[in-house]
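For reference, the structure discussed in these notes is given below.
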């Protein structure tokens, strides 16, 4: 009888933990999805574009849409500078930021208005190295450009680093169909949940 009672307690505890985890994941999912639709763009010192893959000397479709959105904001006068981020995945490749710079210049962005950091490999490093290159120019406010579902985690990182940052997700994205959007969403949910746990424990 005692063993049976203990077993029931364990099952109840497991059920409670499962419900709690499910509730947390649902809340995080809501945060990511709802924030993805917010565009906070306002006049700032710089537009900061989070890097992603390049194909040789050309931006991948995902990066291209981020660049197009940033260039549009620049042309509309939201900021004087654009900061392109992203390093190289191997010694034989161009850095993501170098490819971004070339693309932007071709689209009419003045070279003197472009800053790059070519060391980062992950989102958090995008911000950290960007702050280093921005310091001599005394840039203090930033419009962050990335894919919609990436924005919640990105803005949380920027806030933790003390940045005054505004979200401006791409209005077009390579992640447009449910077939491509759902894997990206679940990946972001995993990273965002991990980041929240690490942040809570630190």
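Does region 14-93 come out rounded, prolate or oblate, given a ≥ b ≥ c as the square roots of the eigenvalues of its C-alpha gyration tensor, rounded meaning a/c under 1.5 and, failing that, prolate meaning a/b above b/c? Oblate shape, in that a/c is at least 1.5 and b/c is the bigger or equal ratio.
Relative to the longest principal axis of the Cα atoms of the chain, helix 123-134 runs at roughly 30 degrees. For the pair residue 58 and residue 197, the difference between a 0.36 nm per residue extended length and the Cα-Cα distance amounts to 46.4 nm. Once both axes come from the Cα atoms, what is the angle between helix 61-75 and the longest principal axis of the chain, in degrees from 0 to 90, rounded to 10? The angle comes out at about 60 degrees. When a/c reaches 1.5 or more, the comparison of a/b and b/c decides; with that in mind, is region 46-201 rounded, prolate or oblate per its Cα gyration tensor? Cα axes put region 46-201 in the rounded bin. Kindly express, to the nearest 10 degrees and within the range 0 to 90, the angle between helix 151-160's C-alpha long axis and the longest C-alpha principal axis of the chain. Once rounded, one gets 80 degrees.
Given an 8 Å cut-off on Cα distances and at least 6 residues of separation, report the relative contact order of region 46-201 as a percent. The normalised contact order for region 46-201 reaches 23 percent.
Using alpha carbons only, how many angstrom separate the centre of region 104-171 from the centre of region 1-67? Region 104-171 and region 1-67 have Cα centres spaced 20 Å from each other.
Of the beta bridges in the chain, as assigned by DSSP with both residues counted there, near 10 percent are antiparallel. Ranked by the mean number of other Cβ atoms within 10 Å of their residues, highest first, the peptides 99-109, 120-130 come out as 120-130, 99-109.
No value in this document is a laboratory result; all are computed from the given coordinates. The structure displayed is predicted, hence computed values, not measured ones. We place every Cβ from the backbone using ideal geometry, glycine too, and count neighbours over all the protein chains shown.
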